[in-house]
Amino acid sequence: MSDQAAALREMISSLRPAPSRKPDSSDPSEKTAHIIAVTSGKGGVGKSNFTLNFALELQKLGKKVLVFDADIGMANIDVLMGVRSQYNLFHLLKREKSMSEIIQSGPNSLPFIAGGSGMTELFSLSEDDLLHFTGQIEEIARDLDYILFDTGAGLSKETIRFITASDECIVVTTPEPTAITDAYALVKVVHDLEHSAVFRLVVNRAMDRREAQQTADKIRLVAQKFLQLDIPVLGHVSDDPHVSQAVKKQTPFSIRFPNSPASKDIQELAFRYTQHSLQVRADSPKGIKGFVNRLLKR
């Protein structure tokens, strides 16, 4: 694993051209990653599994993706991959490691940052530490197309911060009534706090396309009626026994069972995502610096 991480750092370094001037994140011509928060109204709907496999499919389509496990209480992206995490955000914030050193390599060399220790400290940084953190994440964001933050489920203040700071939010739900109710509740709370937040909806564990559409419509129609908010449906993922089999083997289902119904759905979903223009907020944060300032309310 250390060899994989070293290779990843070398790849990031080789992709970055030598700048003729210090990059300015406020410069609209400066490339930076599109930041996506993936969340759910309740736990147990398959949010982290979706994040992981969605990222892998985006990567197959030629996109440069980083998965950031931002679930403070139940960080488990590394467990789903069957990868033992050597470093996490804590090592960066304590300046023991650089950002490129805490990025680890998962299946198909997918870059990820493990959650757990360090997430709590992130929200109480000094000004000096904030500048250090911002500079570190700006450095890697210029080489990426997407950063996916796998947030905690439900309405914690940390999850809400990630959602309101990101360029857009993918809300994962299932056809279960409690999941639908909690997904709408999350959207409502966030929308009340931040009217410019952009949402997309994914229905997981759907029996078929019809059930997925019915589930999505329940949330969309209520949001349109009471919030005057349109939530596009990104797609659905079938209720597929191959998914739980892959979880038990600690291997992403899109890799272990690439021809399964769930894998085909996630492939279609990722392709559709890349074919549409990125959602842009009316007050879209300007680069990583804007995202960090909004996240930490500076």
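Find the relative contact order for segment 32-295 and round it to a whole percent, using C-alpha pairs within less than 8 Å whose residues are 6+ positions apart. Please report the intermediate quantities before stating the final value.
On the way: 506 pairs, mean separation 68.8, N = 264.
Contact order relative to length: 26 percent.
Residue order for Leu52, Leu221, Leu130, Leu80, fewest other beta carbons within 10 angstrom first, comes to Leu221, Leu130, Leu80, Leu52. In order along segment 194-200, the phi-based Karplus estimate (6.51 cos²θ - 1.76 cosθ + 1.60, θ = phi - 60°) of 3J(HN,Hα) comes to 9, 4, 8, 4, 10, 10, 9 Hz; Gly and Pro are listed as x.
What is segment 127-197's relative contact order, in percent, from Cα pairs under 8 angstrom and six or more apart in sequence?
Numbers: 28 pairs, mean separation 17.4, N = 71.
Answer for segment 127-197 is 24 percent.
Less than 5 angstrom separates the built amide H of Val198 from those of Cys169, all sequence-distant by 5 or more or on a different chain. Here the residues Phe162, Phe226, ranked from fewest to most Cβ neighbours within 10 Å of their Cβ, fall in the order Phe226, Phe162. For His34, the residues whose modelled amide H falls within less than 5 Å of its own, excluding neighbours fewer than 5 places apart on the same chain, are Tyr146, Ile147. Across segment 100-109, coupling constants 3J(HN,Hα) worked out from phi with the 6.51/-1.76/1.60 Karplus curve, θ = phi - 60°, read 5, 7, 8, 6, 10, 10, x, x, 6, 6 Hz, and Gly and Pro carry x. Amide H contacts of Ser40: Gly154, Val172, each under 5 Å away and 5 or more positions distant or on a separate chain (H built 1.01 Å from N in the peptide plane; Pro and chain starts excluded). Ordered by the count of other Cβ atoms within 10 Å of each Cβ, fewest first, Asp71, Asp217 give Asp217, Asp71. The Kirkwood radius of segment 145-298, taken over pairs of alpha-carbon atoms, gives through the Stokes-Einstein law at 4 °C and 1.567 mPa s a diffusion coefficient of 78 µm² s⁻¹.
Every number here is computed from the coordinates shown, using simple stated rules; none is lab data. On a predicted model such as this, the values are computed, not experimentally measured, just so you know. Note: ideal-geometry Cβ built from the backbone for every residue, glycine included; neighbour counts use all protein chains shown.
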